[in-house]
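The values are calculated or read from the model by the stated rules, or taken from the named source; none is laboratory data. Since we're looking at a predicted model, the values are computed, not measured. All Cβ positions, glycine included, derive from the backbone under ideal geometry; neighbour counts span all protein chains shown. Only protein heavy atoms, including side chains, enter the accessible area calculation; ligands, DNA and RNA are left aside. Shrake-Rupley method; radii C 1.70, N 1.55, O 1.52, S 1.80 Å.
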Amino acid sequence: ESHLYKNSIREEFCDIQLIPLENNNDTPMGIMENMQVCDNGFYIINRQEKYPLFYYKHDGSFGAKIGEKGHSKAEYTNIWNFSANTAGDTVAVLDYNYVRLYDSNGTFINAYDFKDTQYWQGFLYTDKGFFLSTSNRCLNSVLTQYTHDFRTEHPIIEGQVNMIRDIPSSWQNLIRRDGQNICYYDFYTATFYIFDTNNMKKSKSFTLHSPNGLAESKIRNMDVSSQDFDHLISYVFEDNIIWGKFNYGGVGYNLKLDVKTGTCQLKRFSDLGYGFQCSHNGWYYQAFEPAQLMMLINSDKQAPWPIWTLLEEALEPYKDKMNESDNYYIMRMRKKNSN
């Protein structure tokens, strides 16, 4: 393991901040499952019975509930995934066989139906249309681009290999965006595909290799879980770098892949690691329940957890104010020397 070395997130990131989300009767904490940051704020799936999707402004103040569950055209039966445009003034909800659009006030705009929705997992809304992806290898395409009105579909990566396998539940976001570039991660070939949305023929690919890597040749006729293999746990795509967490030999490592140079590093992390939930405009985001942060605040400072040294300054203003009934706290940080 000489090439696997420890690192601290402080070596590469700075300006660590905490943003408390407003908590009132309209915004119960619930269970946060997914988050996206846009120019105008946060969109968060916070599993509640009738209003799972919320919009918050950048200062953490409540913005709006987005739609609600029901059976009318303006309502969704379930949220498989969601994606907002870069500005954040429109958010799209991926339902069972529909995509429904809402504005940031929660007002319904339109709905489109299209085939095979139940198979899609990754979901990205851009000014070039919608990109949808899946780990279901039996479909004609595992990555497809749709026009804004879903009248035309453009298969990008073929997928027919007569194989269906479940992927870890955290793998809702198989597609990420960094400016005009998007990244799709093919879970079963452990390959990142980078596309320029202004020229989809301009692409790069990077495959992760490990002694116990997940590959189609290994699992095609085996009744095994993908968790039994070395696999990517999560990732974001920002600053031309893929930042992720990788399970290697049952141990979690930071993964840093520079898509410009093609260099890739695995590092044992000694604090938070690259487990970011999302990124936007050079900022990287992660969410914490108040109980998690209170445990850090109340821990023995003589033998602090590694993460305490990372968050100590950001936590200082909240040390005597935080309680377990608070809403989530959003941590954000910037990469050093990033414009």
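Can you confirm whether region 56-71 contains a residue that is open to solvent by 10 Å² or more (accessible area, probe 1.4 Å), closer than 15 Å to Asn40 by Cβ, touching a Lys or Arg at 6+ places or on another chain (Cβ under 9 Å) and part of a loop (DSSP other than H, G, I, E, B)?
no
State yes or no: is Leu293 open to solvent by less than 60 Å² (accessible area, probe 1.4 Å), touching a helix residue (DSSP H, G or I) at 6+ places or on another chain (Cβ under 9 Å) and of a type outside the set (Val, Ile, Thr)?
Against the criterion (open to solvent by less than 60 Å² (accessible area, probe 1.4 Å), touching a helix residue (DSSP H, G or I) at 6+ places or on another chain (Cβ under 9 Å) and of a type outside the set (Val, Ile, Thr)), Leu293 qualifies.
Please find, among Thr309, Thr263, the residue that is surrounded by fewer than 16 Cβ atoms within 10 Å (Cβ to Cβ) and closer than 23 Å to Ser210 by Cα. Give the steps one after another, and end with the answer.
Working: Thr309 fails: closer than 23 Å to Ser210 by Cα.
Criteria check complete, one pass: Thr263.
Tell me, which strands (runs of 3 or more DSSP E) wholly within region 93-184 include 3 or more residues that are modelled with pLDDT of 95 or more and open to solvent by 30 Å² or more (accessible area, probe 1.4 Å)?
Strands (runs of 3 or more DSSP E) meeting the threshold: 108-113.
Do you know which residues across region 83-92 are open to solvent by 10 Å² or more (accessible area, probe 1.4 Å) and among the hydroxyl-bearing types (Ser, Thr, Tyr)?
Within region 83-92, Thr86, Thr90 meet the criteria.
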